Amino acid sequence: MHALNVGVIVVYLVVVAWIGLRLSGRQRSAGEYFVGAGRMPWWTVCFSVVATETSVLTVISIPGGAYTDQGFGNVELAFGYIIGRTVVAIALIPLYKRGGFVSAYEYLRQRFGPYLQGVAAVTFVLTRLLAEGVRLFASAIPIELLLGEFGISLGYDVIIVALTLLTVVYTYLGGIKAVIWTDALQMGLYLLGALIAIGVLTGHVGVAGWSDALRHGKFRVFDTDFGLAHILTSSFALPTAVIGGALFTMASHGSDQLIVQRILATRSIRDSQRAMIASGVFVAVQFAAFSLVGALLWAYNGGRSPAARGQSSADRG
């Protein structure tokens, strides 16, 4: 099984490099390099958006939350995402597409002037550097553990540098097209992994494990405690999750260059709107898959808490 794990990683890295080389030299303008000249299929853009907002932190934390007491609360949150993305699709995407922009901040310049454009762009770069730094470090942890199984000892710094160099190479060579296609590949890979995990765990726990998880509230989607104190303090209280999720995704997917750039790579306004709204639906699906993994892990471990299993948190082990 360890050899299979390494094989999947090696094949993935080779395919990513091949995509970058395959698309290298085909960008003849800034518009083609940054938004693919607006010719990307909407479904690949949709998958790219989902993969972009999904990191190793998502893959680890959502099953951990379902294992403890969150149930399918993240799916509830995703309903807010769908609402927020629908608003963005209707209100903002036509403005970006009709203006022929390659950046979300071009519209800010046109509407509010260069000063606000500069502030927004610098803020994006700084916050993105911090966020990606955390994600890179989190990605290095399982890779370091996996390599350790084969007696290969590499520090986190070496792994992070290697991942960064690979990403820079295929991005530089292939532009946004390479980024979108590799993102779509990533989404397919981790969703397939989640489905395989669900199948393997089901084989271990059987119908009884599913029934036990259901009886203990592991499949609960909506938190219907409408007490004021609960709404103000819980991230998964129904009003908090839906309204907060909608507002959050309106901000991130309506102005974040990382997302908007991908949306602008579609062929038309309608395709952009499809990609945006469908990304929210797929996020809900993947949250459900990751949560199901956590619920079945709970059943597999006999409902023992992380502390009872000698773990500091549900995200470990």
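The values are calculated or read from the model by the stated rules, or taken from the named source; none is laboratory data. The structure displayed is predicted, hence computed values, not measured ones. Every residue, glycine among them, receives a Cβ derived from its backbone with ideal geometry; neighbour counts consider all protein chains shown. Protein only, heavy atoms only, side chains kept; ligands, DNA and RNA dropped before computing areas. Shrake-Rupley method; radii C 1.70, N 1.55, O 1.52, S 1.80 Å.
Just for the stretch 202-223: of the residues that are among the charged types (D, E, K, R) and assigned to a helix (DSSP H, G or I), which one is surrounded by the most Cβ atoms within 10 Å (Cβ to Cβ)? Among them, the one singled out is Asp212. When each of Ser312, Ser279, Ser272, Ser268 is tested for being modelled with pLDDT of 85 or more and over 17 Å from Leu95 (Cα atoms), the lone residue that passes is Ser279.
Exactly one residue out of Leu185, Leu189 is under 20 Å from Gly294 (Cα atoms) and surrounded by 14 or more Cβ atoms within 10 Å (Cβ to Cβ), and it is Leu189. The residue of the stretch 116-130 that is farthest from the chain's Cα centre (by Cα), among those that are open to solvent by 40 Å² or more (accessible area, probe 1.4 Å) and of a type in the set (A, V, I, L, M), is Leu116. Only a single criterion out of (1) open to solvent by 40 Å² or more (accessible area, probe 1.4 Å); (2) small (Gly, Ala, Ser); (3) more than 30 Å from Ala213 (Cβ to Cβ) is not satisfied by Gly199, namely (3).
Where helices (runs of 4 or more DSSP H) fall wholly inside the stretch 29-115, the ranges with 3 or more residues that are open to solvent by 20 Å² or more (accessible area, probe 1.4 Å) and free of Cβ contacts under 8 Å to residues at least 12 places away in the same chain are 104-112. Residues satisfying the criterion are absent from the stretch 285-295 (criterion: under 15 Å from Leu95 (Cα atoms) and either among the hydrophobic types (A, V, I, L, M, F, W, C) or free of Cβ contacts under 8 Å to residues at least 24 places away in the same chain (or both)).
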